[in-house]
Amino acid sequence: MLLLFIALGCRTAPSVEPVVFEHVELTRLADGVYAAIRRDEPLGLAQNANSLFVVTDDGVIVVDAQFTREATLENLRALRTITTRPVTHVVNTHWHDDHLAGNQVYQDSFPNVRFIAHADTREDLMQLGRPNRSGQVRFGPQALARFQRLLDMGLGIDSTPASPAEREAFRNSIRIFRQYVVENPGFREVLPNSIVNRSSVISAGSRRIELHWFGRGATRGDLVVWLPKERVLATGDLVVWPVPFAFGSHPAEWVQVLDSLAALGPAVLVPGHGPLIRDLAYLETERRMLLAATERAAAAVARGDTSAVALARSERMDDVRAQVAGTDKWKNLMFDQFFRVGALTAAFNDAMSSRTGSSARKSPPLSFSGSSASPERRCTPATTFSTVTRGASASTCIANSHFPRSGPLRVRRYFAVYTASRCSADSLRSSGLFSEPPSAAVGRRTACSFTATTATPDS
């Protein structure tokens, strides 16, 4: 499975001019915090991931490696222009090879480095990553040969005349994937040796780095890295410009995960692929895309359809397509092959599983602090709350919570992000939403769990 993502025309406003090293564009986001954005690697069938570098008193924390060791070494050379401190941690946001095949570069260069991932990511690396990698190496050269023939004839992937964007994408994909195949005989799998189940904190001097799992999204083990003081968020493939990679995803839950990301109030997002994002407009676009796929899949299940393949063939999502891809031929191809088909298929399968009570593993419940109430208590749709923005009144002071959007389903997770500067503890208490507001330092964002006082048990 080759990965397809890129950044075209995303709104950016860097605080300082980025510095370019080979295929890496290095942008300082805050003191000791740098985004390493892949450049000159346009939309294609193979892609390297972005990274985040966080320099601490003890060393450097890196978020995500790349698809090839060559690309990861480029990132490491760029890092060496910032600091000579060792890399102490590498966070792999999920199991796709374009975010971790280069792990061994860091292991070889820094023997004491720790590799961090969600528990499900570690399992998926063994259950999905290994056969996926084997298939890419086995069948990739045939695909490369076909792409090269098409490119030589001036044709695109659909055997029609290629646009300039397609030609550039083909050239870049062939370059990256050939390197991946060449490197394979020397590939060494590096599994995470530090596991995060829900949240974890790395504290190094004055630096606080938070790792959060908000639920299933692009994969079932997506971690995000949040720097609360700097308001920098590394999202992995939960956010990818210009369309998310939706195969094997969980669109309905992904929508809620995006709500959690927005609730953090980031000033800048480092997406899995694409340029830096400095507002929440694209999160809302991605949310609408996923919600549209979820609603259409749910409607298909409700009317008795039984085939995800049939839905993906018949539902073209042309209203969403027009907003995302316009008339651009290559973007339309990407929308179909890497978002529409995958999102509709995944949403349909999840909807069928929910209807039939299949055993897809659910998110473990959060503990409710200071309460004997069980987090597994059943709640009505009245307990659903929406994301609010800065400046919200006390009555809506909850930043985000994840009750089911409809039906008397079990509460799978209940996570709120509280900002003391946004809502005081007293205002949270007076809002009636929580009986036990968080004890957070004023002005510091803190992730907390609460006791719900408005949850009405169903009958």
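Within segment 329-349, is even one residue over 22 Å from the mean Cα position of the chain (by Cα) and surrounded by fewer than 13 Cβ atoms within 10 Å (Cβ to Cβ)? Within segment 329-349 (the criterion being over 22 Å from the mean Cα position of the chain (by Cα) and surrounded by fewer than 13 Cβ atoms within 10 Å (Cβ to Cβ)), the answer is no, since none of the residues qualifies. Residues of segment 19-59 that are assigned to a strand (DSSP E or B), buried (at least 20 other Cβ atoms within 10 Å of the Cβ) and among the aliphatic types (A, V, I, L, M): Val24, Leu26, Leu29, Val33, Ala35, Ala36, Ile37, Leu52, Val54. Number of residues in segment 146-178 that are out of contact with any Pro (no Cβ under 8 Å at 6 or more places or on another chain), modelled with pLDDT under 90 and among the aliphatic types (A, V, I, L, M) equals 1. Those helices (runs of 4 or more DSSP H) of segment 268-353 in which at least 3 residues are over 21 Å from Gly248 (Cα atoms), considering only elements entirely within it, cover 281-302, 318-324. If you go through segment 114-143 and keep only what is in contact with a Ser or Thr (Cβ under 8 Å, 6 or more places away or on another chain), of a type in the set (A, V, I, L, M) and part of a helix (DSSP H, G or I), you end up with nothing.
Is it fair to say Thr83 is in contact with a strand residue (DSSP E or B) (Cβ under 6 Å, 6 or more places away or on another chain) and either crowded, with 24+ Cβ neighbours inside 10 Å or assigned to a strand (DSSP E or B) (or both)? When the stated conditions are applied, Thr83 does not pass them. Filtering segment 64-80 to residues that are without any contact (Cβ under 8 Å) to a residue 40 or more places away in the chain and either not assigned by TED's automatic domain parsing to the domain that holds Gln179 or not in a helix (DSSP H, G or I) (or both) leaves only Gln66.
Return the residue satisfying two criteria in turn: it lies in segment 250-306 and is among the hydroxyl-bearing types (Ser, Thr, Tyr) and surrounded by 18 or more Cβ atoms within 10 Å (Cβ to Cβ), and of such residues it is farthest from Arg340 (Cα to Cα). This residue is Ser260. Among the residues of segment 223-235, the one identified as buried (at least 23 other Cβ atoms within 10 Å of the Cβ) and free of Cβ contacts under 8 Å to residues at least 40 places away in the same chain is Leu233. Taken over segment 159-193, the criterion of being β-branched (Val, Ile, Thr) and either part of a helix (DSSP H, G or I) or exposed (fewer than 15 other Cβ atoms within 10 Å of the Cβ) (or both) is satisfied by Thr160, Ile174, Ile176, Val181, Val182. Residues of segment 86-113 that are of a type outside the set (Gly, Ala, Ser) and in a helix (DSSP H, G or I): Asp97, Asp98, His99, Asn103, Gln104, Val105, Tyr106, Gln107, Asp108. Before we move on, is Ala119 surrounded by fewer than 21 Cβ atoms within 10 Å (Cβ to Cβ), assigned by TED's automatic domain parsing to the domain that holds Ala65 and either touching a residue at least 12 places away in the same chain (Cβ under 8 Å) or touching a Gly at 6+ places or on another chain (Cβ under 6 Å) (or both)? So Ala119 fits the description; yes. Starting from residues that are among the small types (Gly, Ala, Ser) and within 18 Å of Ala65 (Cα to Cα), keep the ones in segment 212-222 and report whichever is surrounded by the fewest Cβ atoms within 10 Å (Cβ to Cβ). Applying the filter and picking the extreme gives Gly221. Residues considered: Phe187, Phe115, Phe139. Of these, the only one that is under 22 Å from Leu223 (Cβ atoms) and either among the polar types (S, T, N, Q) or modelled with pLDDT of 90 or more (or both) is Phe115. Among the conditions (1) in contact (Cβ under 8 Å) with a residue 60 or more places away in the chain; (2) loosely packed, with under 14 Cβ neighbours inside 10 Å, Arg149 misses just one, which is (1).
Screening the candidates Leu233, Leu238, Leu261 for the property of being out of contact with any Lys or Arg (no Cβ under 9 Å at 6 or more places or on another chain), closer than 19 Å to Leu52 by Cβ, assigned by TED's automatic domain parsing to the domain that holds Ser51 and in a helix (DSSP H, G or I) yields one hit, Leu261.
Taking the numbered list (1) of a type in the set (Phe, Trp, Tyr); (2) farther than 19 Å from Pro42 by Cβ; (3) in contact with a helix residue (DSSP H, G or I) (Cβ under 8 Å, 6 or more places away or on another chain) in turn, Phe170 passes all entries but (2). Within segment 236-250, not a single residue is without any contact (Cβ under 8 Å) to a residue 12 or more places away in the chain, on the phi < 0 side of the Ramachandran plot and of a type outside the set (Lys, Arg).
The values are calculated or read from the model by the stated rules, or taken from the named source; none is laboratory data. Quick caveat: nothing in here was measured; it's all calculated off a predicted structure. Every residue, glycine as well, gets a Cβ built from its backbone with ideal geometry; the counts of neighbours run over all protein chains shown.
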